[in-house]
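Below is one structure; the comments refer to it alone.
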Amino acid sequence: MKKNILRFPILLEVSLRQKNTFWSDVFKNLAYGKAPYGSYVTASSFIVSKNKGHEFTYFLGEQKKPADDIGADLIDILTKKMNFMSITDRLVKLEKFRKIKDKLKNKLWKSNWCDIRRKKSKDQLIEMYVLTLKDKNKISFSNVKTLLSAIIIGLIFKQIDSDNIQMKEGKIVDISNIKVKNKAWTMTRGNQKSKETKSQIAAAASASRNRKSLHQLWLKHTQ
């Protein structure tokens, strides 16, 4: 039976310095040349991973670094490159993610239209608003498409601005100059129309034509 051979004594010291038993066991195994799943220890004393997108190399042999620094290096590499972590680490990570998510959700919940900067977020809000109008008023698919284009162009040419868009709980609940009646819609000019340049007209046409996700989204909700 093959006996365990201590290859990296410094890693035993690293193991003893760990407060988390998970990492203590990881470094104890590494001291004997046993690497975590997805990586391996070479004859030349490197821990290596060649998994696509998770590649790394780290020297485990004799070096001048303190044990604490070696431990910190390896924990950082294994966590970031291989998503290798203890249950405690995962819970901490999930809690941080939850707090960030809640913060963003609360920010959106209280936002007005003028507070939203990202174009993608604005596009999603407009799409969901138009879908709501479609379901509520049974607007035809073709009318829904032209309504969405009209809103986009209206925003570009300032016929619709933040004063016209009412938001509540992170959603658009009303665009004051959009009126829906008898399964059809009309749009009144909310503000004085700005002078349209050729480049603006081209941009508006492009915005209307190139909404790739739009067709899929409408199709999904009109089946």
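Brief remarks follow.
- If the condition is being in contact with a Gly (Cβ under 6 Å, 6 or more places away or on another chain) and β-branched (Val, Ile, Thr), then segment 1-57 contributes Val14, Val41.
- Qualifying residue in segment 143-166 (condition: in contact with a strand residue (DSSP E or B) (Cβ under 8 Å, 6 or more places away or on another chain), on the phi < 0 side of the Ramachandran plot and in a strand (DSSP E or B)): yes
- Considering residues of segment 177-186 that are out of contact with any strand residue (DSSP E or B) (no Cβ under 7 Å at 6 or more places or on another chain) and of a type outside the set (D, E, K, R) only, the residue farthest from Asp115 (Cα to Cα): Asn182
- Only one entry in Leu91, Leu125 is among the hydrophobic types (A, V, I, L, M, F, W, C) and closer than 27 Å to Trp185 by Cα, namely Leu125.
- Across segment 62-79, the number of residues qualifying as under 15 Å from Arg17 (Cβ atoms) and not in a helix (DSSP H, G or I) comes to 2.
- Leading residue by the ranking (farthest from Asp69 (Cα to Cα)) among those in segment 19-58 that are under 29 Å from the mean Cα position of the chain (by Cα) and of a type in the set (S, T, N, Q): Asn51
- Which numbered condition Lys120 misses (of (1) free of Cβ contacts under 8 Å to residues at least 24 places away in the same chain; (2) surrounded by fewer than 13 Cβ atoms within 10 Å (Cβ to Cβ); (3) over 16 Å from the mean Cα position of the chain (by Cα)): (3)
- Flag set for Asp135, criterion: among the acidic types (Asp, Glu) and either under 17 Å from the mean Cα position of the chain (by Cα) or at pLDDT 85 or above (or both).
- From Val26, Val92, Val48, residue being in a helix (DSSP H, G or I), farther than 30 Å from Gly170 by Cα and of a type outside the set (Phe, Trp, Tyr): Val26
- Residue match in segment 103-116 (condition: outside any loop (DSSP other than H, G, I, E, B), touching a strand residue (DSSP E or B) at 6+ places or on another chain (Cβ under 7 Å) and closer than 30 Å to Leu155 by Cα): yes
One line per residue, one yes/no per condition, for (1) at pLDDT 90 or above; (2) of a type in the set (Asp, Glu); (3) exposed (fewer than 14 other Cβ atoms within 10 Å of the Cβ); (4) not assigned by TED's automatic domain parsing to the domain that holds Lys171:
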| site | (1), (2), (3), (4) |
| --- | --- |
| Arg17 | yes, no, no, yes |
| Thr21 | yes, no, yes, yes |
| Val26 | yes, no, no, yes |
| Pro36 | yes, no, no, yes |
| Lys50 | yes, no, yes, yes |
| Thr57 | yes, no, yes, yes |
| Leu60 | yes, no, no, yes |
| Phe97 | no, no, yes, yes |
| Ile100 | no, no, yes, yes |
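The values are calculated or read from the model by the stated rules, or taken from the named source; none is laboratory data. Here the structure is a predicted model, which is why all the values come from computation and not from measurement. Backbone-built Cβ (ideal geometry, glycine too); neighbour counts: all protein chains shown.
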